[in-house]
Amino acid sequence: LIRFLWRSGLPEARAAARLTLRRICQGGIHDHLGGGFMRYATDDAWLVPHFEKMLYDNAQLLALLAELGAAEGDPVPRRRAEQLVDWLTREMALPDGGFAAALDADSDGGEGRFYAWTADEIDRLLPPALREPFVRLYDVRPEGTWEGLCLLHRNHALGGDERDDPPTVAEARALLFAARERRPRPARDDKLLADWNGMTIRALAEAALLFDRPDWLDLAVAAFDAARARLTRPDGRLAHVWCRGRQGGPALLEDLAAMAGAALSLYEATGAPSWLVPARAWLEDAERHHRDPAGGYFQTAADVDDLPARPKGIEDGVVPSGHAALAESLVRLGLASGETGWLDRAEALFAALGGALSESHDRATGLVEAWERLRAARTVTLRGADDDPAFAALRRAALDSGWPSFTLVRVPGDGPATASVCAGGACRAAVSDPAALRALLAPP
(Lines give C-alpha, C1' and ligand atoms only; values in the text may rest on other atoms or scores of the structure.)
Protein backbone atom coordinates (compact mmCIF):
# COMPACT_ATOMS: atom_id res chain seq x y z
CA LEU A 1 0.00 0.00 0.00
CA ILE A 2 2.84 2.43 0.78
CA ARG A 3 4.35 1.83 -2.66
CA PHE A 4 0.92 2.28 -4.23
CA LEU A 5 0.53 5.65 -2.51
CA TRP A 6 4.01 6.72 -3.61
CA ARG A 7 3.54 5.65 -7.22
CA SER A 8 0.18 7.36 -7.49
CA GLY A 9 2.05 10.65 -7.97
CA LEU A 10 -0.56 12.53 -5.92
CA PRO A 11 1.12 15.02 -3.55
CA GLU A 12 -1.05 14.04 -0.55
CA ALA A 13 -0.55 10.33 -1.15
CA ARG A 14 3.20 10.77 -1.59
CA ALA A 15 3.40 12.77 1.63
CA ALA A 16 1.58 9.96 3.46
CA ALA A 17 3.95 7.36 2.01
CA ARG A 18 6.99 9.45 2.89
CA LEU A 19 5.84 10.04 6.48
CA THR A 20 4.88 6.39 7.03
CA LEU A 21 8.22 5.11 5.79
CA ARG A 22 10.03 7.66 7.94
CA ARG A 23 8.14 6.53 11.05
CA ILE A 24 8.91 2.89 10.27
CA CYS A 25 12.60 3.72 9.80
CA GLN A 26 12.84 5.64 13.07
CA GLY A 27 10.57 3.46 15.19
CA GLY A 28 11.13 0.40 17.33
CA ILE A 29 9.95 -1.77 14.45
CA HIS A 30 13.41 -1.17 12.97
CA ASP A 31 16.37 -2.94 14.58
CA HIS A 32 18.65 0.05 15.17
CA LEU A 33 21.60 -2.14 16.14
CA GLY A 34 21.46 -5.06 13.72
CA GLY A 35 19.41 -3.79 10.80
CA GLY A 36 16.24 -5.16 9.27
CA PHE A 37 12.61 -4.67 10.26
CA MET A 38 10.24 -6.57 12.51
CA ARG A 39 7.00 -8.08 11.27
CA TYR A 40 4.59 -5.28 12.23
CA ALA A 41 4.00 -2.64 14.91
CA THR A 42 1.39 -3.09 17.63
CA ASP A 43 0.89 0.63 18.33
CA ASP A 44 0.36 3.81 16.35
CA ALA A 45 3.79 5.19 17.28
CA TRP A 46 5.57 2.31 15.49
CA LEU A 47 7.37 1.64 18.79
CA VAL A 48 6.40 -1.88 19.91
CA PRO A 49 6.72 -4.54 17.21
CA HIS A 50 5.80 -8.15 16.92
CA PHE A 51 9.42 -9.21 17.02
CA GLU A 52 9.57 -11.74 14.19
CA LYS A 53 11.70 -10.69 11.23
CA MET A 54 10.15 -11.96 8.00
CA LEU A 55 12.01 -12.13 4.71
CA TYR A 56 9.02 -10.91 2.71
CA ASP A 57 8.61 -7.77 4.85
CA ASN A 58 12.25 -6.87 4.47
CA ALA A 59 12.24 -7.54 0.73
CA GLN A 60 9.34 -5.15 0.19
CA LEU A 61 10.84 -2.52 2.49
CA LEU A 62 14.23 -2.71 0.78
CA ALA A 63 12.58 -2.01 -2.58
CA LEU A 64 10.61 0.86 -1.06
CA LEU A 65 13.65 2.34 0.67
CA ALA A 66 15.53 2.29 -2.62
CA GLU A 67 12.73 3.87 -4.62
CA LEU A 68 11.94 6.66 -2.15
CA GLY A 69 15.51 7.15 -1.04
CA ALA A 70 16.80 7.65 -4.57
CA ALA A 71 13.97 10.03 -5.42
CA GLU A 72 14.10 12.11 -2.24
CA GLY A 73 17.79 12.34 -1.44
CA ASP A 74 16.99 11.67 2.24
CA PRO A 75 19.94 9.83 3.84
CA VAL A 76 17.79 7.83 6.27
CA PRO A 77 16.27 5.42 3.66
CA ARG A 78 19.72 4.74 2.24
CA ARG A 79 21.15 4.00 5.70
CA ARG A 80 18.24 1.71 6.53
CA ALA A 81 18.75 -0.09 3.20
CA GLU A 82 22.46 -0.55 3.95
CA GLN A 83 21.68 -1.85 7.43
CA LEU A 84 19.02 -4.18 6.02
CA VAL A 85 21.39 -5.69 3.45
CA ASP A 86 24.05 -6.13 6.13
CA TRP A 87 21.46 -8.02 8.21
CA LEU A 88 20.45 -10.16 5.23
CA THR A 89 24.02 -11.25 4.55
CA ARG A 90 24.91 -11.74 8.20
CA GLU A 91 21.81 -13.45 9.60
CA MET A 92 19.61 -14.68 6.75
CA ALA A 93 22.02 -16.10 4.15
CA LEU A 94 21.78 -19.89 3.95
CA PRO A 95 24.98 -21.97 3.78
CA ASP A 96 24.19 -23.17 0.26
CA GLY A 97 22.92 -19.81 -0.98
CA GLY A 98 19.62 -17.99 -0.94
CA PHE A 99 17.88 -16.59 2.11
CA ALA A 100 16.08 -18.10 5.09
CA ALA A 101 12.40 -17.36 5.65
CA ALA A 102 12.25 -15.78 9.11
CA LEU A 103 13.69 -15.19 12.56
CA ASP A 104 11.53 -16.08 15.56
CA ALA A 105 10.14 -13.46 17.93
CA ASP A 106 11.12 -15.33 21.10
CA SER A 107 14.46 -16.00 22.73
CA ASP A 108 15.69 -16.53 26.26
CA GLY A 109 12.20 -17.37 27.47
CA GLY A 110 10.29 -14.39 26.14
CA GLU A 111 9.24 -12.35 23.15
CA GLY A 112 11.59 -9.57 22.13
CA ARG A 113 14.19 -10.33 24.78
CA PHE A 114 16.98 -10.36 22.19
CA TYR A 115 16.23 -6.76 21.18
CA ALA A 116 15.19 -5.04 24.43
CA TRP A 117 17.37 -3.43 27.12
CA THR A 118 17.21 -2.16 30.65
CA ALA A 119 18.55 1.31 31.28
CA ASP A 120 21.00 -0.20 33.78
CA GLU A 121 22.44 -2.53 31.11
CA ILE A 122 23.10 0.39 28.80
CA ASP A 123 24.64 2.41 31.66
CA ARG A 124 27.06 -0.44 32.38
CA LEU A 125 28.00 -1.08 28.76
CA LEU A 126 28.54 2.48 27.54
CA PRO A 127 31.33 4.73 28.80
CA PRO A 128 30.09 8.14 30.03
CA ALA A 129 31.32 9.93 26.90
CA LEU A 130 29.13 7.69 24.72
CA ARG A 131 26.17 7.28 27.02
CA GLU A 132 24.51 10.71 27.13
CA PRO A 133 23.90 11.34 23.42
CA PHE A 134 22.85 7.72 22.82
CA VAL A 135 20.40 7.66 25.75
CA ARG A 136 18.85 10.93 24.60
CA LEU A 137 18.55 10.05 20.92
CA TYR A 138 17.24 6.50 21.42
CA ASP A 139 14.81 7.29 24.26
CA VAL A 140 16.42 5.15 26.96
CA ARG A 141 14.47 5.70 30.20
CA PRO A 142 14.92 4.22 33.69
CA GLU A 143 11.29 3.05 33.67
CA GLY A 144 11.58 1.64 30.14
CA THR A 145 9.33 2.13 27.13
CA TRP A 146 7.78 -1.36 27.02
CA GLU A 147 7.13 -3.71 29.96
CA GLY A 148 9.92 -2.09 31.96
CA LEU A 149 12.42 -2.54 29.13
CA CYS A 150 13.71 -0.07 26.55
CA LEU A 151 13.07 -0.52 22.85
CA LEU A 152 15.52 1.64 20.95
CA HIS A 153 13.79 4.15 18.67
CA ARG A 154 13.97 7.75 17.43
CA ASN A 155 10.29 8.55 16.91
CA HIS A 156 10.27 11.18 19.65
CA ALA A 157 10.94 14.87 20.11
CA LEU A 158 14.62 14.41 20.97
CA GLY A 159 15.29 11.81 18.25
CA GLY A 160 16.95 14.42 16.11
CA ASP A 161 18.19 14.24 12.54
CA GLU A 162 20.69 11.45 11.96
CA ARG A 163 22.78 13.78 9.84
CA ASP A 164 23.58 15.66 13.04
CA ASP A 165 24.68 12.60 15.05
CA PRO A 166 28.10 12.86 16.69
CA PRO A 167 30.51 10.00 15.91
CA THR A 168 29.99 8.66 19.43
CA VAL A 169 26.51 7.45 18.49
CA ALA A 170 27.87 4.93 15.98
CA GLU A 171 30.46 3.82 18.55
CA ALA A 172 27.72 3.27 21.13
CA ARG A 173 25.64 1.23 18.69
CA ALA A 174 28.66 -0.95 17.89
CA LEU A 175 29.32 -1.64 21.59
CA LEU A 176 25.69 -2.57 22.25
CA PHE A 177 25.55 -4.73 19.13
CA ALA A 178 28.63 -6.65 20.27
CA ALA A 179 27.07 -7.19 23.68
CA ARG A 180 23.78 -8.31 22.13
CA GLU A 181 25.58 -10.88 19.99
CA ARG A 182 26.41 -12.77 23.19
CA ARG A 183 22.73 -13.24 24.04
CA PRO A 184 20.72 -16.38 23.19
CA ARG A 185 19.57 -15.88 19.61
CA PRO A 186 16.06 -16.22 18.17
CA ALA A 187 15.54 -19.42 16.18
CA ARG A 188 15.71 -19.21 12.38
CA ASP A 189 13.30 -20.78 9.92
CA ASP A 190 15.71 -22.14 7.31
CA LYS A 191 13.21 -22.76 4.51
CA LEU A 192 14.19 -21.32 1.13
CA LEU A 193 10.86 -20.16 -0.32
CA ALA A 194 10.68 -19.36 -4.02
CA ASP A 195 8.37 -16.34 -3.80
CA TRP A 196 10.09 -14.68 -0.83
CA ASN A 197 13.54 -15.24 -2.33
CA GLY A 198 12.34 -13.90 -5.67
CA MET A 199 11.08 -10.75 -3.96
CA THR A 200 14.36 -10.33 -2.08
CA ILE A 201 16.55 -10.85 -5.13
CA ARG A 202 14.46 -8.35 -7.07
CA ALA A 203 14.75 -5.79 -4.28
CA LEU A 204 18.52 -6.27 -4.08
CA ALA A 205 18.89 -5.79 -7.84
CA GLU A 206 16.75 -2.65 -7.81
CA ALA A 207 18.51 -1.19 -4.76
CA ALA A 208 21.88 -1.95 -6.36
CA LEU A 209 20.87 0.02 -9.44
CA LEU A 210 19.34 2.97 -7.62
CA PHE A 211 22.06 3.30 -4.97
CA ASP A 212 24.94 2.35 -7.30
CA ARG A 213 26.00 -0.68 -5.24
CA PRO A 214 27.53 -3.28 -7.58
CA ASP A 215 28.29 -5.46 -4.55
CA TRP A 216 24.54 -5.76 -3.91
CA LEU A 217 24.03 -6.77 -7.53
CA ASP A 218 26.65 -9.51 -7.07
CA LEU A 219 24.73 -10.65 -3.97
CA ALA A 220 21.47 -10.73 -5.94
CA VAL A 221 23.02 -12.77 -8.78
CA ALA A 222 24.54 -15.28 -6.35
CA ALA A 223 21.23 -15.66 -4.50
CA PHE A 224 19.34 -16.13 -7.76
CA ASP A 225 21.73 -18.81 -8.97
CA ALA A 226 21.52 -20.64 -5.64
CA ALA A 227 17.74 -20.42 -5.46
CA ARG A 228 17.29 -21.65 -9.03
CA ALA A 229 19.67 -24.55 -8.39
CA ARG A 230 17.91 -25.61 -5.17
CA LEU A 231 14.37 -25.08 -6.44
CA THR A 232 14.56 -26.65 -9.92
CA ARG A 233 12.88 -30.05 -9.74
CA PRO A 234 14.01 -33.09 -11.76
CA ASP A 235 11.21 -32.40 -14.25
CA GLY A 236 12.60 -28.90 -14.81
CA ARG A 237 9.75 -27.12 -13.04
CA LEU A 238 10.17 -24.76 -10.11
CA ALA A 239 9.52 -26.01 -6.58
CA HIS A 240 7.77 -23.95 -3.92
CA VAL A 241 10.30 -24.66 -1.15
CA TRP A 242 13.67 -26.18 -0.41
CA CYS A 243 14.75 -27.02 3.11
CA ARG A 244 17.67 -29.07 4.41
CA GLY A 245 18.26 -30.90 1.17
CA ARG A 246 14.63 -31.58 0.28
CA GLN A 247 12.40 -29.95 -2.34
CA GLY A 248 8.72 -29.33 -1.90
CA GLY A 249 5.94 -29.68 -4.44
CA PRO A 250 5.43 -27.67 -7.62
CA ALA A 251 5.56 -23.90 -7.45
CA LEU A 252 2.58 -21.74 -6.64
CA LEU A 253 1.55 -18.98 -9.02
CA GLU A 254 3.27 -16.35 -6.85
CA ASP A 255 6.51 -18.40 -6.87
CA LEU A 256 6.69 -18.37 -10.66
CA ALA A 257 5.77 -14.69 -10.88
CA ALA A 258 8.21 -13.58 -8.17
CA MET A 259 11.17 -15.50 -9.57
CA ALA A 260 10.36 -14.19 -13.05
CA GLY A 261 10.25 -10.70 -11.54
CA ALA A 262 13.67 -11.26 -9.99
CA ALA A 263 15.11 -12.31 -13.36
CA LEU A 264 13.58 -9.23 -15.00
CA SER A 265 15.12 -6.91 -12.40
CA LEU A 266 18.49 -8.56 -12.96
CA TYR A 267 18.01 -7.95 -16.66
CA GLU A 268 17.32 -4.26 -16.07
CA ALA A 269 20.31 -3.97 -13.73
CA THR A 270 22.78 -5.75 -15.99
CA GLY A 271 21.42 -5.38 -19.51
CA ALA A 272 22.19 -9.06 -20.21
CA PRO A 273 19.42 -10.66 -22.36
CA SER A 274 20.19 -14.08 -20.83
CA TRP A 275 18.12 -13.06 -17.79
CA LEU A 276 15.00 -13.05 -19.95
CA VAL A 277 15.32 -16.81 -20.54
CA PRO A 278 14.24 -18.03 -17.08
CA ALA A 279 11.60 -15.30 -16.90
CA ARG A 280 10.02 -16.62 -20.10
CA ALA A 281 10.20 -20.23 -18.90
CA TRP A 282 8.51 -19.54 -15.57
CA LEU A 283 5.75 -17.42 -17.10
CA GLU A 284 5.14 -20.16 -19.66
CA ASP A 285 4.84 -22.62 -16.77
CA ALA A 286 2.23 -20.33 -15.19
CA GLU A 287 0.29 -20.46 -18.47
CA ARG A 288 0.66 -24.21 -18.81
CA HIS A 289 -0.08 -25.32 -15.25
CA HIS A 290 -2.10 -22.56 -13.58
CA ARG A 291 -4.34 -20.93 -16.19
CA ASP A 292 -8.09 -21.25 -15.72
CA PRO A 293 -9.79 -21.69 -19.13
CA ALA A 294 -12.61 -19.52 -17.77
CA GLY A 295 -10.16 -16.67 -17.13
CA GLY A 296 -7.46 -15.84 -14.63
CA TYR A 297 -5.04 -18.22 -12.94
CA PHE A 298 -5.22 -20.67 -10.07
CA GLN A 299 -2.74 -20.39 -7.23
CA THR A 300 -1.88 -24.09 -7.41
CA ALA A 301 -0.81 -26.15 -10.41
CA ALA A 302 -3.30 -28.39 -12.22
CA ASP A 303 -1.44 -31.58 -11.25
CA VAL A 304 -1.45 -30.85 -7.50
CA ASP A 305 -4.23 -33.06 -6.17
CA ASP A 306 -3.79 -32.95 -2.39
CA LEU A 307 -5.90 -29.82 -1.84
CA PRO A 308 -9.73 -29.75 -1.66
CA ALA A 309 -9.91 -26.56 -3.79
CA ARG A 310 -7.73 -24.41 -6.03
CA PRO A 311 -7.69 -20.81 -4.75
CA LYS A 312 -7.95 -18.00 -7.27
CA GLY A 313 -8.04 -14.63 -5.51
CA ILE A 314 -6.96 -11.12 -6.40
CA GLU A 315 -6.74 -9.46 -2.99
CA ASP A 316 -3.32 -8.71 -1.53
CA GLY A 317 -2.26 -10.00 1.86
CA VAL A 318 1.12 -9.36 3.45
CA VAL A 319 2.48 -9.65 -0.10
CA PRO A 320 0.84 -8.83 -3.45
CA SER A 321 -1.51 -11.50 -4.77
CA GLY A 322 -0.30 -14.08 -7.23
CA HIS A 323 -2.42 -12.41 -9.91
CA ALA A 324 -0.77 -9.04 -9.18
CA ALA A 325 2.75 -10.47 -9.31
CA LEU A 326 1.96 -12.38 -12.50
CA ALA A 327 0.37 -9.39 -14.26
CA GLU A 328 3.33 -7.17 -13.44
CA SER A 329 5.84 -9.74 -14.69
CA LEU A 330 3.88 -10.27 -17.91
CA VAL A 331 3.92 -6.53 -18.59
CA ARG A 332 7.59 -6.17 -17.70
CA LEU A 333 8.64 -9.09 -19.90
CA GLY A 334 6.60 -7.80 -22.82
CA LEU A 335 8.22 -4.36 -22.57
CA ALA A 336 11.74 -5.68 -21.98
CA SER A 337 11.69 -8.22 -24.79
CA GLY A 338 9.51 -6.40 -27.30
CA GLU A 339 7.40 -9.58 -27.57
CA THR A 340 3.83 -8.32 -27.59
CA GLY A 341 2.34 -11.72 -26.79
CA TRP A 342 3.17 -11.21 -23.13
CA LEU A 343 1.30 -7.90 -23.14
CA ASP A 344 -1.65 -9.65 -24.81
CA ARG A 345 -1.70 -12.15 -21.95
CA ALA A 346 -1.71 -9.29 -19.45
CA GLU A 347 -4.59 -7.63 -21.31
CA ALA A 348 -6.53 -10.91 -21.25
CA LEU A 349 -5.88 -11.28 -17.53
CA PHE A 350 -7.20 -7.81 -16.76
CA ALA A 351 -10.24 -8.39 -18.97
CA ALA A 352 -11.01 -11.60 -17.06
CA LEU A 353 -10.55 -9.97 -13.65
CA GLY A 354 -12.07 -6.57 -14.42
CA GLY A 355 -15.35 -7.15 -12.60
CA ALA A 356 -13.69 -8.53 -9.47
CA LEU A 357 -11.10 -5.75 -9.52
CA SER A 358 -13.74 -3.01 -9.70
CA GLU A 359 -15.31 -4.43 -6.52
CA SER A 360 -12.03 -5.03 -4.62
CA HIS A 361 -9.63 -2.39 -5.97
CA ASP A 362 -8.90 -1.01 -2.49
CA ARG A 363 -7.78 -4.49 -1.39
CA ALA A 364 -5.96 -5.34 -4.62
CA THR A 365 -3.58 -2.42 -5.06
CA GLY A 366 -0.90 -4.72 -6.46
CA LEU A 367 -3.14 -5.55 -9.40
CA VAL A 368 -4.11 -1.89 -9.83
CA GLU A 369 -0.39 -1.02 -9.99
CA ALA A 370 0.18 -3.67 -12.65
CA TRP A 371 -2.76 -2.28 -14.67
CA GLU A 372 -1.29 1.22 -14.42
CA ARG A 373 2.03 -0.13 -15.65
CA LEU A 374 0.35 -1.73 -18.66
CA ARG A 375 -1.68 1.41 -19.35
CA ALA A 376 1.44 3.63 -19.21
CA ALA A 377 3.65 1.02 -20.96
CA ARG A 378 6.88 3.02 -21.25
CA THR A 379 10.38 1.82 -22.02
CA VAL A 380 13.68 3.68 -21.86
CA THR A 381 16.34 2.20 -24.14
CA LEU A 382 19.93 3.14 -23.34
CA ARG A 383 22.60 2.50 -25.98
CA GLY A 384 26.31 2.65 -25.28
CA ALA A 385 29.14 1.08 -23.33
CA ASP A 386 28.90 0.51 -19.58
CA ASP A 387 32.27 2.14 -19.00
CA ASP A 388 31.36 5.29 -20.95
CA PRO A 389 30.73 8.23 -18.56
CA ALA A 390 28.12 9.58 -20.96
CA PHE A 391 26.22 6.27 -20.79
CA ALA A 392 26.42 6.32 -16.99
CA ALA A 393 25.10 9.90 -16.91
CA LEU A 394 22.10 8.95 -19.05
CA ARG A 395 21.37 5.93 -16.89
CA ARG A 396 21.54 8.06 -13.75
CA ALA A 397 19.17 10.60 -15.29
CA ALA A 398 16.69 7.82 -16.07
CA LEU A 399 16.91 6.32 -12.59
CA ASP A 400 16.55 9.68 -10.86
CA SER A 401 13.41 10.43 -12.86
CA GLY A 402 11.26 7.82 -11.11
CA TRP A 403 12.27 4.31 -12.22
CA PRO A 404 10.84 1.62 -11.86
CA SER A 405 7.68 3.19 -13.34
CA PHE A 406 9.11 2.25 -16.75
CA THR A 407 11.10 -0.66 -18.14
CA LEU A 408 14.81 -0.07 -18.62
CA VAL A 409 16.38 -1.68 -21.70
CA ARG A 410 20.12 -1.55 -22.24
CA VAL A 411 21.74 -2.12 -25.64
CA PRO A 412 25.55 -2.38 -25.71
CA GLY A 413 27.37 -0.46 -28.38
CA ASP A 414 30.58 1.40 -29.22
CA GLY A 415 29.06 4.62 -30.57
CA PRO A 416 27.94 7.73 -28.69
CA ALA A 417 25.63 7.01 -25.75
CA THR A 418 21.97 7.72 -26.45
CA ALA A 419 18.59 7.21 -24.81
CA SER A 420 15.17 6.84 -26.39
CA VAL A 421 11.75 6.81 -24.73
CA CYS A 422 8.87 4.78 -26.16
CA ALA A 423 5.22 4.84 -25.10
CA GLY A 424 2.01 3.74 -26.73
CA GLY A 425 3.83 2.18 -29.63
CA ALA A 426 5.60 5.44 -30.56
CA CYS A 427 9.21 6.40 -29.83
CA ARG A 428 10.65 9.85 -29.37
CA ALA A 429 13.89 10.80 -31.08
CA ALA A 430 16.98 9.55 -29.24
CA VAL A 431 18.78 12.07 -27.02
CA SER A 432 22.31 12.20 -25.66
CA ASP A 433 21.86 14.94 -23.05
CA PRO A 434 20.80 13.80 -19.53
CA ALA A 435 18.70 16.96 -19.07
CA ALA A 436 16.82 16.20 -22.28
CA LEU A 437 16.13 12.66 -21.04
CA ARG A 438 14.84 13.98 -17.73
CA ALA A 439 12.51 16.30 -19.63
CA LEU A 440 11.14 13.39 -21.67
CA LEU A 441 10.46 11.39 -18.49
CA ALA A 442 8.99 14.24 -16.47
CA PRO A 443 5.35 13.69 -15.42
CA PRO A 444 2.79 15.51 -17.59
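For this structure, a couple of remarks:
- Output for segment 80-118, where each listed residue is open to solvent by 60 Å² or more (accessible area, probe 1.4 Å), closer than 17 Å to A203 by Cβ and not charged (D, E, K, R): T89
- Residue in segment 143-150 that is over 23 Å from P186 (Cα atoms) and either of a type outside the set (A, V, I, L, M, F, W, C) or open to solvent by 20 Å² or more (accessible area, probe 1.4 Å) (or both) present: yes
- When restricted to residues that are touching a Lys or Arg at 6+ places or on another chain (Cβ under 7 Å), among the charged types (D, E, K, R) and assigned to a helix (DSSP H, G or I), segment 305-334 contains 1.
- Meets criteria (open to solvent by less than 20 Å² (accessible area, probe 1.4 Å), among the aliphatic types (A, V, I, L, M) and modelled with pLDDT under 95) for L68: yes
- The set of residues in segment 409-444 that are among the charged types (D, E, K, R) and more than 30 Å from the chain's Cα centre (by Cα) comprises D414, R428, D433.
- The requirement of being of a type in the set (K, R), in a helix (DSSP H, G or I) and surrounded by fewer than 21 Cβ atoms within 10 Å (Cβ to Cβ) is fulfilled somewhere in segment 23-46, by at least one residue.
- Residues that are aliphatic (A, V, I, L, M) and open to solvent by 40 Å² or more (accessible area, probe 1.4 Å) within segment 270-288 comprise V277, A281, listed in sequence order.
- The residues in segment 10-55 that are farther than 25 Å from L204 by Cα and touching a His at 6+ places or on another chain (Cβ under 7 Å) can be counted, and the count is 2.
- Matching entry among R131, R113 (being touching a residue at least 40 places away in the same chain (Cβ under 8 Å), charged (D, E, K, R) and part of a helix (DSSP H, G or I)): R131
- Unique residue being within 14 Å of R173 (Cβ to Cβ) and of a type in the set (D, E, K, R) when the list is R131, R141, R113, R124: R131
- Residues that are of a type in the set (A, V, I, L, M, F, W, C) and under 24 Å from the mean Cα position of the chain (by Cα) were ranked within segment 300-327; the one that is most open to solvent (accessible area, probe 1.4 Å) is V318.
- Just one of (1) surrounded by 14 or more Cβ atoms within 10 Å (Cβ to Cβ); (2) farther than 30 Å from S329 by Cβ fails for D164. It is (1).
- Meets criteria (of a type outside the set (D, E) and more than 22 Å from R363 (Cα to Cα)) for A324: no
- The residue that is nearest to the chain's Cα centre (by Cα), among those in segment 190-235 that are among the acidic types (D, E) and open to solvent by less than 50 Å² (accessible area, probe 1.4 Å), is E206.
The values are calculated or read from the model by the stated rules, or taken from the named source; none is laboratory data. All figures in this text were calculated on a predicted structure; none of them were measured in a lab. Cβ sites come from the backbone with ideal geometry, for glycine too, and all protein chains shown count toward neighbours. In case anyone asks, the SASA skips ligands and DNA or RNA and just uses the protein heavy atoms, side chains included. Shrake-Rupley method; radii C 1.70, N 1.55, O 1.52, S 1.80 Å.
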